Ligand code: SF4
Ligand code: SF4
């Protein structure tokens, strides 16, 4: 949306209308600037950014308030934050056994947890048909989004060092979060899988009917990934689903706002009655949790017919990544 009024809020209320969090506290994104006590209640979902006519960015406001809190010596209390840091700060289940290639698939942490079978299919096909390796690691975005920008930077430095040590020149991302977070931070090439599959001219199952697609938060504004995915529709259209704010997993806001998260999940079945396609593993997991039928676009393209793993089985899948020599 075009910026005007010198970036000053005009009080139009569009942000509050689209955001359950702003709505709960009866504020707009501009008021939010003055409420650091709510820094961790925002889902960092970009919905307010999408609708604000003067360019006020609630996501950025939240991230900055979080960073100020941490830099000011603030400590996050609660088991959820502790668990997230324990798992992701130096990713517990990383796997570099198949990393010594110029080009590698970067699975991220969530895709192999929700879709182990599809991961295996993609890994094997890229390796056997194109000589492309695999790395499983976390990009560091979840840690950085807690306002721990310095720790996030350290994760990037370590990742970059590993990539150099293994001679990697290009990573292919499965996850939209990894793609947007890493593409301007790493000094190696970052390419999304949907683009790479086209370059490689790999044989996949194109989409041959109308489908409804839920746009994940990192792709809401630029929609670079969606535009790439649209190219896989040979017959039929990919229709964007509107009226649902986000899946409720972003920004770790669910630790502070369990009731809003519950209501966000309920929207999937309330607002949309048909099967929901998406291209973020976390969104897939959340949509499945809501009880709505869903399919990840990559499961469709690789014809894996895999449903997202939920609960304990996703944790077990994640842990299983650690020692696998996946080929
Ligand atoms: S980023 Fe999302 S949750 Fe945060 S204020 Fe904007 S719309 Fe609301
Ligand atoms: S959408 Fe932008 S201009 Fe409108 S109330 Fe929200 S912050 Fe203010």
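The values are calculated or read from the model by the stated rules, or taken from the named source; none is laboratory data. Because the structure is predicted, anything quoted here is derived from the model rather than measured. All Cβ positions, glycine included, derive from the backbone under ideal geometry; neighbour counts span all protein chains shown.
Here is a check on your reading of the model: is residue 69 away from ligand 1 (no atom under 14 Å from the Cβ), crowded, with 20+ Cβ neighbours inside 10 Å and in contact (Cβ under 8 Å) with a residue 60 or more places away in the chain?
Considered against the rule, which asks whether it is away from ligand 1 (no atom under 14 Å from the Cβ), crowded, with 20+ Cβ neighbours inside 10 Å and in contact (Cβ under 8 Å) with a residue 60 or more places away in the chain, residue 69 comes out as no.
Going through 242, 250, 285, 291 one at a time, which residue ends up being under 21 Å from residue 220 (Cα atoms) and surrounded by fewer than 20 Cβ atoms within 10 Å (Cβ to Cβ)?
From the options 242, 250, 285, 291, the qualifying one is 242.
Between 94, 88, which is closer than 30 Å to residue 322 by Cα and touching a helix residue (DSSP H, G or I) at 6+ places or on another chain (Cβ under 6 Å)?
88
May I ask you to list the residues in segment 256-282 that are exposed (fewer than 14 other Cβ atoms within 10 Å of the Cβ) and free of Cβ contacts under 8 Å to residues at least 24 places away in the same chain?
Answer for segment 256-282, where residues must be exposed (fewer than 14 other Cβ atoms within 10 Å of the Cβ) and free of Cβ contacts under 8 Å to residues at least 24 places away in the same chain: 258, 259, 262, 270, 273.
Specify the residue that is farthest from ligand 2 (Cβ to nearest atom); the eligible residues are those in segment 44-60 that are free of Cβ contacts under 8 Å to residues at least 60 places away in the same chain and surrounded by fewer than 21 Cβ atoms within 10 Å (Cβ to Cβ).
In this case the residue turns out to be 60.
Give me the pairs, please: first residue somewhere in segment 7-36 and assigned by TED's automatic domain parsing to the domain that holds residue 49 and closer than 13 Å to residue 49 by Cβ, second residue anywhere and outside any loop (DSSP other than H, G, I, E, B) and away from ligand 2 (no atom under 12 Å from the Cβ), beta-carbon distance under 8 Å, and either six or more positions apart or on two chains.
32/38; 32/62
Please return the ranges of helices (runs of 4 or more DSSP H) entirely within segment 93-158 where 3 or more residues are in contact with a strand residue (DSSP E or B) (Cβ under 8 Å, 6 or more places away or on another chain) and outside the structural domain of residue 285 (by TED's automatic domain parsing).
Filter on segment 93-158 gives 116-130.
Does residue 86 qualify as being more than 16 Å from ligand 1 (Cβ to nearest atom) and part of a helix (DSSP H, G or I)?
When the stated conditions are applied, residue 86 passes them.
Exactly one condition in (1) more than 17 Å from the chain's Cα centre (by Cα); (2) assigned to a helix (DSSP H, G or I); (3) modelled with pLDDT under 95 is not met by residue 262; state its number.
(3)
Just the residues that are within 12 Å of residue 60 (Cα to Cα) and surrounded by 21 or more Cβ atoms within 10 Å (Cβ to Cβ), please, taken from segment 27-39.
Those that are within 12 Å of residue 60 (Cα to Cα) and surrounded by 21 or more Cβ atoms within 10 Å (Cβ to Cβ): 29, 32, 39.
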